[in-house]
1. Which order do the peptides A:146-158, A:169-181 take when ranked by the mean count of other beta-carbon atoms within 10 Å per residue, highest first?
2. Cα atoms only: what Rg and Dmax, in Å, come out for the range A:63-107?
3. Using a cut-off of 12 Å between beta-carbons, work out the net charge of the residues near residue A:246 (Lys and Arg +1, Asp and Glu -1, residue A:246 not included).
4. Given 0.36 nm per residue, what is the gain on full extension from residue A:260 to residue A:235 after removing their alpha carbon distance, in nm?
5. Would you please report the Å³ per residue occupied by the convex hull of the alpha carbon atoms in the range A:133-251?
6. Label-point separation (nm) for residue B:56 and residue A:71, each offset 7 Å from Cα along Cα-to-Cβ?
7. Roughly how many debye, to the nearest 20, is the charge dipole of the protein assembly as shown about its Cα centre, given +1 on each Lys and Arg Cβ, -1 on each Asp and Glu Cβ, and no other charges?
8. Under 20 °C and 1.002 mPa s, how fast does chain A diffuse according to Stokes-Einstein, given a Kirkwood radius computed over C-alpha pairs? Answer in µm²/s, whole number.
Amino acid sequence: MSQTLSDRLKRAAGILRQCESVVIGFSGGVDSALVARLARDALGAGRVLAVTGLSAAVPEVQRRAARAFAADQGIAHLELATSELERPGYVRNDGDRCYHCKSELWPTLAAIARERGYRSVVDGANADDRADYRPGARAALEHAVRSPLAEAGIDKAGVRAASRTLGLDTWDAPAAPCLASRLAYGVRVSEERLAHVERAEDGLRALGFREFRVRHHGDCARVELAPPELDAGVARAAEIASAVRRAGFGRVLLDVEGYRRGALNEALPLVTLAAGRVA
Amino acid sequence: MTPGDGRIERALALLRSHGASIRGATAAGAARDVLAVHADASQVARVRSIAPRLRELGFRYVAVELGGDGQGDG
């Protein structure tokens, strides 16, 4: 681990100590897992509560990962149902869907923090997130949520390097944003569509693929495989098609360029123009 | 083929001029921003080689249809 990263980790630990005690918005992914570990080390397990919001947008595989990590690290973990699917702005799924989701999550966590005597709410946003399109960050600001990794200047590569050094199993875990991120902007979010995506991705995982997305475009599934896995995908195209159809899709497409982070964000200007005619 | 969509005719011409063995193409997705090429999966690499030029025709994504008739409802 570089001296720069080491210094930044010390800075993140300092931020957490300023917080005194923390509720963590905890998905079980690589970022929030590192924050949970740093918080435990900086504050002691008794001053840390990891909270996972549960809805149809959170796949079971992620729920299991969150539970396992918290148990392994000796961190108190709470799961609670969230109601973002009852928010029209979230269901509409335009460019600020994440804002509406986090506007549901952060007040809920703030209330838990107040009730249980924790001083601060923190998230796992890293320095790279600040350069990406992240409307959810606006909700974090509105609710005074701290972002120790981002504030300390730790980017995704730094998160992975630090996690590896600390022996966290999450260090090389694929990025795992919520299932709603698979729905093309303008395609309304529903439990049924989220379930189709979850089942389809479970099917691809069962076939041995590791990093991929099943994008829901309303009338079809567009499968993005990580470029190193694309050749294998071509060879197993029939199995992919079968798995995705079994999940509930009538039409399956294989993206020829493969998985790229935030690919659906490429469509935001088009959605603005077409908002009146999408499903 | 999507009737009246000139992007599709141009995409088909471009694909065939590069030797791709294809059966057709449609504009897929609620926003009609996915070019769905009807071809065997073996054509993926060839389609990928010209994907940037296909996107320049007005598509955000370029994909190969995996079986079926391309008329499903998601």
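1. Peptide ranking by packing, descending: A:146-158, A:169-181.
2. Answer for the range A:63-107, Rg first and Dmax second: 13.9, 39 Å.
3. On the way: positive: A:199, A:245; negative: A:202, A:239.
With Lys, Arg at +1 and Asp, Glu at -1, the net is 0.
4. Working it through step by step, the gained length comes to 6.9 nm.
5. Hull volume normalised by residue count: 139 Å³.
6. Between residue B:56 and residue A:71, the simple spin-label model gives 5.5 nm.
7. Value, rounded to 20: 380 debye.
8. Rounded, D is 110 µm²/s.
Values in this text are rule-based calculations from the coordinates and carry no lab data. As the structure is a prediction and not an experimental result, all values here were calculated from the model. Neighbour counts run over all protein chains shown; Cβ positions are idealised from the backbone, glycine included.
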